[in-house]
Structures are given as structure tokens and as C-alpha cells.
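Following: one structure in C-alpha cells, then a few remarks.
The values are calculated or read from the model by the stated rules, or taken from the named source; none is laboratory data. Keep in mind that this is a model prediction, so the values were computed, not measured. Neighbour counts are summed over all protein chains in view; Cβ atoms, including those assigned to glycine, are modelled from backbone coordinates with ideal geometry.
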Number of protein chains: 2
Amino acid sequence: MRDVYLVGAAQSDFGAFPRESYRSLFAEAFVGAIESIDGELDKSRIDEAFIGTLGVGGRQLGLGGPAVTEHVGLNGAPCTRVENACAASGSALRQAITAIRAGTAEIALAGGYEVMTDMSGEQTRYWLGVSGETEWERMAGTTFAGVYSQMADAHMGEYGTTREQLSRVAVKNHANGAKNPQAHLGFECSLEDAMNATAVADPLNLYDCCPTSDGASAAIIASEEVARELTDAPIRIIGSGQASGRVGLFQRPSLTEIPATRSAAQQAYNDASVTAADIDFAEVHDCFTIAELLAYEDLGFCEKGRAGAYIESGATLPDGSLPVNLSGGLKSKGHPIGATGVGQVTEVFKQLRGEAEDRQVDGLSRGLTHNVGGSGGAVAVHIFEEGWA
Amino acid sequence: MRDVYLVGAAQSDFGAFPRESYRSLFAEAFVGAIESIDGELDKSRIDEAFIGTLGVGGRQLGLGGPAVTEHVGLNGAPCTRVENACAASGSALRQAITAIRAGTAEIALAGGYEVMTDMSGEQTRYWLGVSGETEWERMAGTTFAGVYSQMADAHMGEYGTTREQLSRVAVKNHANGAKNPQAHLGFECSLEDAMNATAVADPLNLYDCCPTSDGASAAIIASEEVARELTDAPIRIIGSGQASGRVGLFQRPSLTEIPATRSAAQQAYNDASVTAADIDFAEVHDCFTIAELLAYEDLGFCEKGRAGAYIESGATLPDGSLPVNLSGGLKSKGHPIGATGVGQVTEVFKQLRGEAEDRQVDGLSRGLTHNVGGSGGAVAVHIFEEGWA
């Protein structure tokens, strides 16, 4: 298989932007991604595009991919909308990588978008609910906070994970996000505030939950030949893994792990010929604080059941052995569903290039992204490394 | 690039099935596809799946791919929902081919589904409309019949295409579909009936329009190594092309051609090292009779503006030089949106293997499928040939 390189990546600001459309947000990300490339890239050279969106609000439910690529001037290039709920653009990245590996593209675009803040609470619940299992979760009234609260409750019961350990995820990610000018909730929060916030779905409170956001993201990937033309600071995509799981949480044997994360991670590690111990930093899918703790375990960063102790150890802080969510994560940076996966890639791109400004951590050379759809119905994991093959 | 083979394909019956769900219909297609393979294939060997659906009715708008692959027992294999409106499963097939070409899969599943007949006319118009351009087509009240009627009117004005020529498409496809036990509207219609049917959007009448249908489809594709294990009657996928066009018809320079069809076809011909003259038969996207005439021209079967004369010549009848829509096409076989592209592949599979029963045409060795999303916002074209590479 051919080697694949990440040559450009950017996101729009994530937040609440009542004056923007899905098209204007996507254009902001796309132009940013083109400008982030060291060399000059004529956009007409992009061979194929894959755009992730859940289509929240139903703005352009059909042809939601071509509708944004035409807006940024990619007339004619094949574009496919990819939907795997919150893992939409992580899955889009995988398709773009596959196109380069197959040789059907030399340069491919992966991106995503979502507009979520211009609707009522009831509409938002509907549009988030559509990624739950229909009959026995959404239509029975279960929200995503409700689904993840079951996981949190089970993890606390089985492994003694504490309220404080959950809140430490929020405190860490807000501290990171406060240094990210593109974050939706770019402010710090104290451990006390995080622990004592209003309940949302017990045991999860307001600070355990990510916001719903507007935003877009875009990444340009290329074959080695093209990458050598465009940059002297290469980032190689060394591993790609994806897996599916039962859409409904209630259909899975355990509430305290996400099998699709374990499988996608193993595929990505095998693909990259590395193990979890070789990862320098990660952007993981912390839609809820418990989701980040589950990710630590399912990605192999710590042993099963030890995630609470792991966050408490400081390992995933910026000065720890494996910083997680330096961008602020979904919790602070925000979670515009279809944009999230490639938004994670944007942070990895910035960190590996030393362009993360106030939140830059030096000495990182291998990063991982972990993007979850629904409560684990689809998961995409990718691994990125500095340097040529 | 590695060679790719079509080893199995099937569709559910297309029609109105109030007792079926999207999952039961998909299972029918999937089981049929597995059973259509000459050898035995353990479904756990399927490495990756791509499922096309527009999600009409909003049943499982998020994770609409994994929701059906889990139902047929593909637990864990990566599955991605692909959406390109009515070209959803044509695009899914392309992704599956790319995965085999890249070597990330040895065996891949492409399929699609839609349930459309259990809702009101108003809901149906909404769900079809979402693949039109939102602001200036759907929200302005333009239906798809309205969009295609503009193309028909323009083609009649520019090239002298007649009412009778449009109707000959319907008569041919109904005659073919009457021999297809899986067709939704499996009855013949006379030229007189087709010409004098109730107006829908002038100049298009009821017999110029395909039905909305329930149905599903599935195709199993494989690398050469696996294909040699599974069959002695190989069908090689020799060409894949996909292109995008402006989502809104009003944004394109001409009403009488679909640029994305021309581009996707040229890519597929180049990929296959053939020309239009080398195609023995085709399944084209006749959502409206005018769409089949446009396809003749844009695929290069006849000269620009000559499609009316071409249908009149009988060239595309079963005993003509290039039979088109032997299955009955969307017009008679039906059009369950996400299922249509791989439904076309099913007919090519049956014809090339001599399994098309009453509608079998002998001596065919190279077939083409043409799948259009919206009014041309996305188009996928694939070419299939008997024999090993």
C-alpha cells in the first residue's frame, strides 16, 4: 500500500454562530486547510472529497457533500457524503486515506461540518437522538447524556471510579481549551465548580457534558510524491482503524467498554506497527467525561478499570507522559458533530508542526485521534507520525 | 491497482411492503447476495461495508449503515453509511472497490436500502426534496418532477425530442420490467397509454415518472485471490468513475446535459480502457423518461441531441445493439433511493451469469451501470466484464 501524508488541516472556530451557514463555515475550514500547506496547492488538483455530516437540522440532507465542495469551487471532483454519526469525519478521513492508498487519488480532501445552535432544545434532542438506536433508545426517550450516564454509573460501581475523577477530565480539558482561540467554551473551570454543577443525567452533570456547536473542519492528504512537492515537514498517516459496534448500548455485553474502540485501535496499531506505549499524545472523543476515561482503557493507555487513577496521576495533562485533548477536546473546544473527527486531526497537525501556540507541547512526534459515533456504533482511530517513511 | 471482482449480488423485491422494515429488506438482499455466490462465503470474512441510504423517513438517520450490518450479523466489521442522494449505493460500490484496490479489504460489501411507501404524499415530497438544492429548489416548492420537466422541455425545444420518444422509454422499460418478478410496477404499458397519462409536471406525465419504492440491495466484491476461491464464472469490475455537479439545476450552464454523467463516464471508460462503443448493455438512471434520453447522450451511446432518434431506432430494446434497463429500470422495477445503484449492479450480475430468466439476453459480456444523485449533483458509473484479468 502507498504511504499517505497529511499536508494541510484547519477548522473553523467552533461555537454558536447564528450568522454563519454550513457552507460559510466549511469554506472557512477549507480555505484554512489550503493556507496551512507549506507549498502552493491549486485546489483543482484535489481528486476526490469525503465530507462527514449528520445533517443536523435537515438543511441539505441529500447531497450534503457536493453542496459544500461546490461552494468552495471543487467543481466536478467526486464528492461523497459520509455519515457515521459523531464519527462522520473520522470515517471520511479513512475513505480519503483509502483512495490515496488505492491510487485512485493523489490528493484527497476529508472534512466535515454541522450547524446545531440555531434550533430549539427539542429539535436538538431529536437530532442528537437520531444516532441512538431508534426503537429502544430514541423513541423510548433516552438521550445521549442518559446513555453515557449508564456507562458512568456502571464504571463507578464496577471499578470505584469517583465523581472527582470524572470532573478532573473536565478541569483538564477546559484548562487546555482556554488556550485555544478556536474553542467554543474556552474558559477554565475549577474542580469544585466541575464537581458541583447542575445534574444533567445522574451521575453526569453539566460539566461532564460537551456542548453542541457550529463548526467545520478540513484536511488535505496526499501521496508521498505530492507531499514531497508540498512540504519539508511531513506528517505521515501510519495507521487507520475503523470498527462497528451494536448501535444500542443495551445490546452490548458490557456498559464499561466500547468494543468498537478496542477493535479500531488494534487495527490502527497493527497498521502502524506500534503499540499504545508508542503514542506521544492523543485527541480522544470526550463527548462526556466518562467517554474520555473509557477511551484511556479501550485505547490501551491504561489497564481496564484504572482510568480513574490514570487521570488522577496527571499522565494526560500537558506535562504528563501522554497528553490527551490538548485542543480542549469536545468538552471545551466543542462538538459540531460532523466536524469533530477532522477537528481532532487539525490539533494533531498543529502540535506536530509546532503551530499550537500557547498550548504547544514540545517533543511530540506521534499522535492518535479517536472518533466515536453514537455510543460506540462506529469508531475511527488514526495514527500520525512526523517524518518521511 | 489490484483487480476487483463482483462475486455476489441480489436485491429484495422492490415495491410497497408495509410489513417490512429497512432492516428486514436489507437482510433479504444480503442473504440473497451471499447465496448468489458460487462457493461458500462465511460472512465473518467481510472486511468492510459501505451502505447507501438517503434515510427517507428519518428512521435511523445516524449510523444508518451499522444499524443494518449488525442486523445481518456483521458484528465489528467497519461499516460506513454513504449518502449521495439517489446515487448513494453507486457511491458505496465505489468505496468498496477502492478498499479492495487499496488492499485494506479482501472482501467488501456494498449495499443500500430505502423505505418510502409508509408515509403521506407531503412527507414523500419533503424527503425527495431534500436532495434538491435547499434554498432555491426545495424551499421554493420545486419537486423533482419539476426539475426534470425543465430538462425535458428544454430538450424538446433544442433538439425536437417528441412526446412519443419520451413515452417509448416508458414502454420499453415496462416491457422489460414485466419479465422481472422483483419489479415494483411489473406490467406492460402501451404507447398510447404512456402518451396520454395524467400530467405530473408538464411535459412529464405519470408514465414518465418512476415510482417511490421500498427495497434493498447488496453486492459482495473481492480481490482476485478470493474471487478465484469463490467462483469459476468471474465478473471483473474494470471501471469506476464518479463526479459531482452543481446540486441545483439552475446553477448549471445547460438544461440538456448532466456534466457529472459525462465526467464519471469518461473516468470509467479510461479506467477500463474501453469506449462507449465497447459496452454491450447498460442499466441507466431513468428516474424520469427524459433522464434515460439524457443518459444515452451523456454516456456517449449516441450523439448529443440524438437520443430521441436513438430510442426510436430500437437500439436499446432487448434485441437492439445496446439493450438498456433490461431489469425494467427505475421506471418499472422501482426506485428505493439508496438501493437503486446496487440494484442496477444486481441486474448486470444476473445478465452476465445467464441468470436473468425470462429477460435474459444472450451474448452479453460487458455491462455498465449509471447512478445519478439528485438532478446530477453526484453520478457514479461502473463497468463490469466477464472473465479473469
List the pairs whose first member sits in region A:154-175 and is over 16 Å from A:L294 (Cα atoms), whose second member is assigned to a helix (DSSP H, G or I), and whose Cβ atoms are under 6 Å apart, counting only residues at least 6 apart or on separate chains? A:V171/A:L191; A:V171/A:A194; A:H174/A:S332
Residues being facing chain B (nearest Cβ under 7 Å), among the β-branched types (V, I, T) and assigned to a helix (DSSP H, G or I) - total across region A:63-91: 1
If I ask for residues that are of a type outside the set (A, V, I, L, M) and over 23 Å from B:F14 (Cα atoms), which ones from region B:194-218 would you list? B:N196, B:T198, B:D202, B:P203
Filter result for B:E35 (more than 19 Å from A:S244 (Cβ to Cβ), away from chain A (no Cβ under 11 Å) and acidic (D, E)): yes
Can you tell me which residue in region A:117-126 is nearest to the other protein chains (Cβ to nearest Cβ), limited to those that are free of Cβ contacts under 8 Å to residues at least 24 places away in the same chain and part of a helix (DSSP H, G or I)? A:Y126
Would you please list the contacts, defined by Cβ atoms under 6 Å and residues six or more apart or on different chains, that run from a residue in region A:214-226 that is under 16 Å from A:R101 (Cβ atoms) to a residue that is hydroxyl-bearing (S, T, Y)? A:A222/A:Y5
Considering (1) within 8 Å of another protein chain (Cβ to nearest Cβ); (2) surrounded by 24 or more Cβ atoms within 10 Å (Cβ to Cβ); (3) of a type in the set (D, E, K, R), say which one A:E114 fails and leave the rest. (1)
State whether one or more residues within region B:340-356 are within 14 Å of chain A (Cβ to nearest Cβ) and modelled with pLDDT of 95 or more. yes
Conditions: (1) crowded, with 24+ Cβ neighbours inside 10 Å; (2) modelled with pLDDT of 95 or more; (3) touching an Asp or Glu at 6+ places or on another chain (Cβ under 7 Å). A:V56 meets all but one. Number of the miss? (2)
With the requirement that a residue be closer than 18 Å to B:A183 by Cβ, basic (K, R) and surrounded by fewer than 24 Cβ atoms within 10 Å (Cβ to Cβ), what does region B:294-350 give you? B:K350
Within region A:241-277, which residues are out of contact with any helix residue (DSSP H, G or I) (no Cβ under 8 Å at 6 or more places or on another chain) and charged (D, E, K, R)? A:D271
Can you report the number of residues in region B:257-268 which are assigned to a loop (DSSP other than H, G, I, E, B) and surrounded by fewer than 24 Cβ atoms within 10 Å (Cβ to Cβ)? 1
Taking region B:296-326 and keeping only residues that are farther than 18 Å from B:E347 by Cβ, in a loop (DSSP other than H, G, I, E, B) and of a type in the set (G, A, S), one is left with B:G300, B:G305, B:G314, B:A315, B:S321
State which residue is farthest from B:A102 (Cα to Cα) when the search covers only region A:92-111 and only residues that are surrounded by fewer than 24 Cβ atoms within 10 Å (Cβ to Cβ) and within 12 Å of another protein chain (Cβ to nearest Cβ). A:T104
Unmet requirement for B:A49, which otherwise passes all of (1) surrounded by fewer than 23 Cβ atoms within 10 Å (Cβ to Cβ); (2) within 14 Å of chain A (Cβ to nearest Cβ); (3) touching a residue at least 24 places away in the same chain (Cβ under 8 Å): (1)
Residue check for B:S12: within 14 Å of another protein chain (Cβ to nearest Cβ) and either crowded, with 24+ Cβ neighbours inside 10 Å or small (G, A, S) (or both): no
Please determine whether any residue of region B:314-326 is under 20 Å from B:A33 (Cα atoms) and β-branched (V, I, T). no
For region B:366-387, name all the residues that are small (G, A, S) and either in contact with a Ser or Thr (Cβ under 6 Å, 6 or more places away or on another chain) or surrounded by fewer than 24 Cβ atoms within 10 Å (Cβ to Cβ) (or both). B:G374, B:A378, B:A380, B:G387
Mind checking which residues of region B:360-378 are in a strand (DSSP E or B), within 14 Å of chain A (Cβ to nearest Cβ) and over 16 Å from B:I97 (Cα atoms)? B:V372, B:G373, B:A378
Test: residue in region A:237-250 that is among the small types (G, A, S), in a loop (DSSP other than H, G, I, E, B) and crowded, with 24+ Cβ neighbours inside 10 Å: yes
Contact list please: Cβ distance under 6 Å, first residue in region B:68-86 and crowded, with 24+ Cβ neighbours inside 10 Å, second residue charged (D, E, K, R), pairs at least six apart or on different chains. B:V68/B:R23; B:P78/B:E48; B:R81/A:E83; B:E83/A:R81; B:E83/A:E83
Qualifying helices (runs of 4 or more DSSP H) (wholly inside region A:127-206; at least 1 residues being more than 14 Å from chain B (Cβ to nearest Cβ), under 23 Å from the mean Cα position of the chain (by Cα) and under 25 Å from A:A88 (Cα atoms)): A:144-159, A:163-177
Taking region B:233-252 and keeping residues away from chain A (no Cβ under 11 Å) and either modelled with pLDDT under 95 or out of contact with any strand residue (DSSP E or B) (no Cβ under 6 Å at 6 or more places or on another chain) (or both) leaves B:A233, B:L249, B:F250
Sole miss for B:L317 among (1) within 14 Å of chain A (Cβ to nearest Cβ); (2) in contact (Cβ under 8 Å) with a residue 60 or more places away in the chain is condition (1)
Would region A:9-23 turn up any residue that is in a helix (DSSP H, G or I) and small (G, A, S)? no
Of all residues in region B:327-359 being of a type in the set (A, V, I, L, M, F, W, C) and part of a helix (DSSP H, G or I), which is farthest from B:I220 (Cα to Cα)? B:L330
